[in-house]
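First comes the structure, then the notes that go with it.
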Ligand SMILES: [Fe+2]
């Protein structure tokens, strides 16, 4: 996937394929441009009659609709969401309208007004859809595969991952952060809980579970990818803890020492982008207040 020549404020991409190694699981990859640069990139999947997540709202609707029209409307379509962020539920309405899919979510949201005007312009704001709260521990597809519901909180309060059996594949949503040393979080994100969930994912990876991540796609080396993030996030938690123990109370000062100078985009547009460094530090400090300084162990 490459940017086409010229300045494209809103270029959209969607690919739909069944990679050989995924045994008939459909992999959707979407991307978009941010001021002409390819920037937004994500994945969701379809396992028999069950979609897991549905991507960001701005991928090519025409291509997705054309694909949905090839599917048999009489099957019992479902969508399982990992969490209610806009880049995971953006196709829910379209899939629900076209196929009558039942949506199940671990979290509730009334609308998507938390998506700022600027984000909406580049990234999109989902149209609302009907949904139920997750109501079982295992969902069964119409071809007999089991989809286990595994809580992995932190990135959002009830973030959930799904393990497809017998394939032994976890679709991990946003449980594996994109950067190795996570710096920016969304409001309500719990840095320490996210680290604990990563450690839980590591146990699966070490025992041979394959991962499909919402922003890494099919992961080649899950143990390595997850370990890098455990190391990076543990380092951040420990350094914040050390600075707090040494009496540094300013979140800004702690940020400067742990992460260095603020990046222009985030320092200027943090609220608009819905991701901030000070929220990351504050969420660590909040945990520190309750549990003492050895919680990252
Ligand atoms: Fe997310």
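The values are calculated or read from the model by the stated rules, or taken from the named source; none is laboratory data. None of the values given here were measured: they were computed from a predicted structure. Ideal geometry is used to build each Cβ from the backbone, glycine not excepted, and the neighbour counts take in all protein chains shown.
Descriptive notes on the structure:
- Only one of 55, 42 that is assigned to a loop (DSSP other than H, G, I, E, B), closer than 22 Å to residue 167 by Cβ and either in contact with a strand residue (DSSP E or B) (Cβ under 7 Å, 6 or more places away or on another chain) or without any contact (Cβ under 8 Å) to a residue 24 or more places away in the chain (or both): 55
- Filtered residue count, the stretch 110-121, keeping only those that are more than 12 Å from the ligand (Cβ to nearest atom) and either at pLDDT 95 or above or surrounded by fewer than 17 Cβ atoms within 10 Å (Cβ to Cβ) (or both): 8
- Some residue of the stretch 176-183 being out of contact with any helix residue (DSSP H, G or I) (no Cβ under 9 Å at 6 or more places or on another chain), more than 21 Å from residue 56 (Cα to Cα) and away from the ligand (no atom under 16 Å from the Cβ): no
- From 162, 67, residue being within 15 Å of the chain's Cα centre (by Cα) and either more than 16 Å from the ligand (Cβ to nearest atom) or over 22 Å from residue 40 (Cβ atoms) (or both): 162
- Failed item in (1) assigned to a loop (DSSP other than H, G, I, E, B); (2) closer than 22 Å to residue 218 by Cα; (3) more than 15 Å from the ligand (Cβ to nearest atom), with residue 144 passing the rest: (2)
- Single residue of 161, 115 found to be in contact (Cβ under 8 Å) with a residue 12 or more places away in the chain and assigned to a loop (DSSP other than H, G, I, E, B): 115
- Verdict on residue 247 being on the phi > 0 side of the Ramachandran plot and within 16 Å of the ligand (Cβ to nearest atom): no
- Residue within the stretch 107-123 that is under 18 Å from the mean Cα position of the chain (by Cα) and under 22 Å from residue 164 (Cβ atoms) present: yes
- Pairs meeting the criteria (first residue in the stretch 74-85 and within 23 Å of residue 174 (Cβ to Cβ) and at pLDDT 95 or above, second residue within 11 Å of the ligand (Cβ to nearest atom) and not in a loop (DSSP other than H, G, I, E, B), beta carbons under 7 Å, at least 6 apart or on different chains) are 81/88; 81/89; 82/88.
- In the stretch 200-218, the residues that are more than 13 Å from the ligand (Cβ to nearest atom) and within 19 Å of residue 83 (Cβ to Cβ): 200, 201, 204, 211, 212, 216, 217
- The single condition among (1) within 17 Å of residue 152 (Cα to Cα); (2) surrounded by fewer than 16 Cβ atoms within 10 Å (Cβ to Cβ); (3) without any contact (Cβ under 8 Å) to a residue 60 or more places away in the chain; (4) within 14 Å of the ligand (Cβ to nearest atom) that residue 197 does not meet is (2).
- Pick from the stretch 124-140, criterion more than 24 Å from residue 166 (Cβ to Cβ) and in contact (Cβ under 8 Å) with a residue 40 or more places away in the chain, ranking: surrounded by the most Cβ atoms within 10 Å (Cβ to Cβ): 126
- Residues in the stretch 82-106 that are within 16 Å of the ligand (Cβ to nearest atom) and either over 10 Å from the mean Cα position of the chain (by Cα) or within 9 Å of residue 57 (Cα to Cα) (or both): 9 in all.
- Condition broken by residue 127, with the remaining ones in (1) within 25 Å of residue 152 (Cβ to Cβ); (2) more than 14 Å from the ligand (Cβ to nearest atom); (3) touching a helix residue (DSSP H, G or I) at 6+ places or on another chain (Cβ under 7 Å); (4) assigned to a loop (DSSP other than H, G, I, E, B) satisfied: (1)
- Verdict on residue 241 being buried (at least 17 other Cβ atoms within 10 Å of the Cβ) and within 21 Å of residue 275 (Cβ to Cβ): no
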